Amino acid sequence: MPTPDDVAYGRALLERHAIAPDVLRAVYQQLPPGRGLLEELVARGLVTPAQAQWLVAQRRQVHAPAP
């Protein structure tokens with residue numbers, strides 16, 4: 001089952017047209033238990049490690065607590 005982070009990463013990739021919806025859907029359906037979406041996408045060569053790192057950094061900025 002995808003985590004909230006997985007859903008956010010998937011949406012971000014779709015918004016940026018970095019992955020086709022049918023490809024993302026197939027990866028979600030085959031996601032092994034305990035494995036994150038970005039980890040699986042990188043392992044399959046569908047997303048570069050740099051893209052994954054950028055998405056994680058963006059997500060952290062959005063959810064960072066206010067000072």
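The values are calculated or read from the model by the stated rules, or taken from the named source; none is laboratory data. Model, not experiment: these values are computed from the prediction. As a convention, Cβ positions derive from the backbone with ideal geometry for all residues, glycine included, and neighbour counts pool all protein chains shown.
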Review point. Which of the following residues is modelled with pLDDT under 95, among the basic types (Lys, Arg) and on the phi < 0 side of the Ramachandran plot: ARG59, ARG44, ARG25?
Key: ARG59
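Is it the case, given these coordinates, that GLY34 is in a loop (DSSP other than H, G, I, E, B) and modelled with pLDDT of 95 or more?
Details: in a loop (DSSP other than H, G, I, E, B): yes; modelled with pLDDT of 95 or more: no.
In short, no.
Keeping to segment 42-51, report how many residues are in a helix (DSSP H, G or I) and without any contact (Cβ under 8 Å) to a residue 24 or more places away in the chain.
Qualifying residue count for the region: 4.
Output the residues belonging to segment 1-42 that are of a type in the set (Lys, Arg) and within 17 Å of ARG60 (Cβ to Cβ). Working first, answer last.
Within segment 1-42, the subset of a type in the set (Lys, Arg) is 11, 16, 25, 35.
Answer for segment 1-42, where residues must be of a type in the set (Lys, Arg) and within 17 Å of ARG60 (Cβ to Cβ): just ARG11.
Could you tell me how many of the residues in segment 38-54 are surrounded by 15 or more Cβ atoms within 10 Å (Cβ to Cβ) and more than 12 Å from VAL23 (Cβ to Cβ)?
5
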Practice item. Filter segment 1-24 down to residues that are in a helix (DSSP H, G or I) and in contact with a Gly (Cβ under 9 Å, 6 or more places away or on another chain) and give me whichever is surrounded by the most Cβ atoms within 10 Å (Cβ to Cβ). Key: TYR9
